[in-house]
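Note sheet for the following structure.
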Amino acid sequence: MLFVISLKLNVLDLKGSLAALFIGAIVSFLGSIYWLILMLIFVASSFLATKAFFRRKVKMKVQEGQHGERRISNVAYAALVGILITLIYGIYPHMQNYFFELFAISFAVINSDTFASEIGVIDQKVYMITNFRRVKPGVNGGISLTGEMAAILGGLIIAISYSIFAYHGINMAKVVEVTGAGFVGCQIDSLLGAVFENRGKLNKGQVNFLSSFLTVVASAAMFV
């Protein structure tokens, strides 16, 4: 059903939908239904961010895909760190809360970056993160006030969802941790985009993966 919906609403293309179906099966089998729902919340919220101001983004020629749909590479790179965490959790099932938080952080980073990119692009006052010189909206490494606020929102959506699933309510300390980690990961993404993606050393998916991976590794060391 979700597979059909993703195609009908142009959330993902065919290959992306098949990849998401496979990833969802792994997460629900090794993790839990809450892990799967959290991932679906990420997909839904990032889709809404992608669709936001879509006509304006089409005019600017910075839209995702033809109709906002994301491809298999987007899905794979976005979920890769989450899959790795799920596989490790399968070896250490007694550490569910620890690995579930890392799982949430991995998607908080990607969602934070997606919101920053998709909503921040409408802000005309964009500055390169490495030297704060004015650049055009949509440039890799460009940041804006609108984008930074959107980044917080993207991470917060994942953080609140995680808190409800893991603690059956709002645990403010955990909400702040996950939201903060997502925001920091978004800044790492911008730095990698400015330094490496603009020079053709990394592509967008690789930047997403590295920013999520580095943030999760740092979080794992801090929260152990």
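Observations on the structure shown:
- Segment Lys125-Ala220, extension gain: residue separation times 0.36 nm, minus the distance between their alpha carbons: 30.7 nm
- Within segment 87-111, backbone nitrogen closer than 14 Å to the virtual label 7 Å beyond the Cα of Ile33 toward Cβ: none
- Tyr162, Tyr77, ranked by accessible area, largest first (probe 1.4 Å): Tyr77, Tyr162
- Segment 43-55 - phi-based ³J(HN,Hα) in whole Hz, Karplus 6.51/-1.76/1.60, Gly and Pro as x: 4, 5, 5, 5, 5, 5, 5, 5, 7, 5, 6, 5, 4
- Where labels lie 7 Å past Cα in the beta-carbon direction, separation of Phe53 and Asn198 in nm: 2.0
The values are calculated or read from the model by the stated rules, or taken from the named source; none is laboratory data. All of these numbers come straight from a predicted model, not from anything done at the bench. Glycine gets a Cβ as well: all are built from the backbone with ideal geometry, and neighbour counts include every protein chain shown. Surface areas here come from the heavy atoms of the whole protein model, side chains and all, with no ligands, DNA or RNA. Shrake-Rupley method; radii C 1.70, N 1.55, O 1.52, S 1.80 Å.
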